[in-house]
Amino acid sequence: MSKYKNIESLIEKKKSEVSDLDTLEKFRLNFLGKKGEISLLMKELSQLDADARKQQAEELNIIKDSVLKFVKDKTAELQNEAMQGQLTSESLDLSLPVNSQNGTIHPVTQVIEEVIAIFGDLDFFVAEGPEVETDYNNFTALNTSEHHPARQMHDTFYVNSSTDNMPNVLRTHTSPVQIRSMLKQKPPIRLIAPGKTFRRDDDQTHTPMFHQVEGLVIDNESNMSHLKGCLETFLKSFFETDSLKMRFRPSHFPFTEPSAEVDIGYKKKGNQLIIGEGDDWLEILGCGMVHPNVLKNVNINPDEYQGYAFGMGIERLAMLKYGISDLRTFFDNDLRWNKHYGFSSINIPSLIGDLS
Ligand code: PHE
């Protein structure tokens with residue numbers, strides 16, 4: 001009969017007393033802790049002669065392993081039970097009807113979703129970049145050298161950089177996502193990058209934080225007419241009108257050559273703007289063919305690849321489509337405004353269902 005029968009029955013008895021992770025830990029210490037029962041028996045082995053030591057050590061190790069296994073299995077079992085308990089107590093009933101007091105989708109989010117739905121259908125994927133950006137990605141890599149006047153025009157917020165002495169900025173546009181994406185991925189590239197942008201400006205038509213969406217296509221055949229076709233498809237889809245009029249005006253951006261600004265035709269009826277009718281023009285976005293210097297800066301050979309880029313303001317798109325007249329109201333968090341201009345969280349924009 002085993003010398004260790006007593007301890008074995010003690011283990012069995014104590015096992016039945018384990019009911020949670022605390023009592024399990026006590027159980028473990030009771031047997032395997034420094035002064036635990038098994039540890040003490042292990043120490044006693046040294047007093048035995050070699051043969052007896054070997055035989056009893058074997059027996060004791062089997063008991064020790066079975067205790068270890070119990071602790072391991074029981075821990076998993078108790079943790080699983082705790083997790084199941086938490087999952088049941090936190091469960092959500094998604095079939096509950098929407099309460100009219102619930103929030104709405106903000107027009108900025110709605111427009112971003114609409115833009116993604118349209119460009120998704122044109123094979124663009126969504127890219128992201130950080131809001132705190134390096135000065136290099138925001139300007140230099142985009143062919144905007146240190147003394148370029150465009151830097152002043154952007155009214156930049158500078159941020160202390162903790163990693164090196166180079167300044168960081170709150171990105172003044174979404175164009176640095178072009179740089180990050182081209183460094184990560186080789187052409188062909190078709191991306192849009194929606195997100196927050198920041199400039200030191202605050203009046204009826206400017207807020208220090210606003211949203212843009214960037215577009216970038218790089219391959220070895222894109223040209224200005226592809227750019228025009230792409231933007232025309234987008235704008236007609238977005239404003240949900242086939243009669244949209246569009247004109248390209250020569251412009252300048254350091255990172256595109258040639259560059260253009262795009263206007264769309266509209267007419268004013270009372271306080272309302274009607275897009276697609278009339279003879280007045282509204283500026284809606286900036287675009288152009290990606291400058292060869294930008295491609296060189298991301299190690300893409302401009303003799304082999306080319307492409308186009310565009311950038312537009314999300315709030316501006318939202319204001320025009322949904323008849324919102326003051327930019328600042330977007331960020332007032334006035335519940336009445338949110339409810340009036342907000343969208344249902346159930347209707348997700350898609351080209352198959354309703355865009356808006
Ligand atoms: N980044 C420009 C801006 O903020 C817009 C733009 C993007 C123009 C891409 C050309 C190409 O004004």
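The values are calculated or read from the model by the stated rules, or taken from the named source; none is laboratory data. No experiment lies behind these values; they were computed from the predicted model shown. Positions of Cβ are generated from backbone atoms using ideal geometry, with glycine treated the same way; all protein chains shown enter the neighbour counts. Remember, those area values only see protein heavy atoms, side chains included, never the ligands or the DNA or RNA. Shrake-Rupley method; radii C 1.70, N 1.55, O 1.52, S 1.80 Å.
Of note:
- Looking at the range 295-356, the pairs of alpha carbons with a distance over 17 Å make up 62% of the total.
- Largest accessible area first, the listed residues MET182, MET289 line up as MET289, MET182 when surface is computed with a 1.4 Å probe on the assembled protein chains.
- The chain, helix-only ellipticity at 222 nm - DSSP H runs n ≥ 4, -39,500 (n - 2.57), divided by all residues, nearest 500: -12500 deg cm²/dmol
- ALA127 long-range amide H proximity, modeled H, under 5 Å: ILE192, ALA193
- In a fully extended conformation the segment linking LYS186 and GLU90 would gain 30.1 nm over its present Cα-Cα distance, using 0.36 nm per residue.
- Most fluctuating residue given options LEU68, LEU231, LEU122, as computed from a GNM of the chain linking Cα atoms under 10 Å: LEU68
- If R0 equals 30 Å, the separation of the Cβ atoms of SER356 and GLU131 corresponds to a calculated FRET efficiency of about 0.65.
- Solvent-free Debye scattering, log10 I(q)/I(0), computed from the Cα coordinates of the chain at q = 0.07 Å⁻¹: -0.52
- DSSP loop trypsin sites (Lys or Arg not before Pro) with at most 15 other Cβ within 10 Å: longest gap in the chain: 36-199
- Rg to Rh quotient for the range 2-88, alpha carbon positions, Kirkwood Rh: 1.09
- Cross-link pairs LYS14/LYS69; LYS3/LYS43; LYS3/LYS72 - those with Cα-Cα distance over 18 Å: LYS3/LYS72
- Our note on the geometry: Cα centres of the range 1-76 and the range 191-208, 67 Å apart.
- For the range 106-341: lysine pairs under 22 Å (alpha-carbon distance), excluding those fewer than 8 apart on one chain: 20
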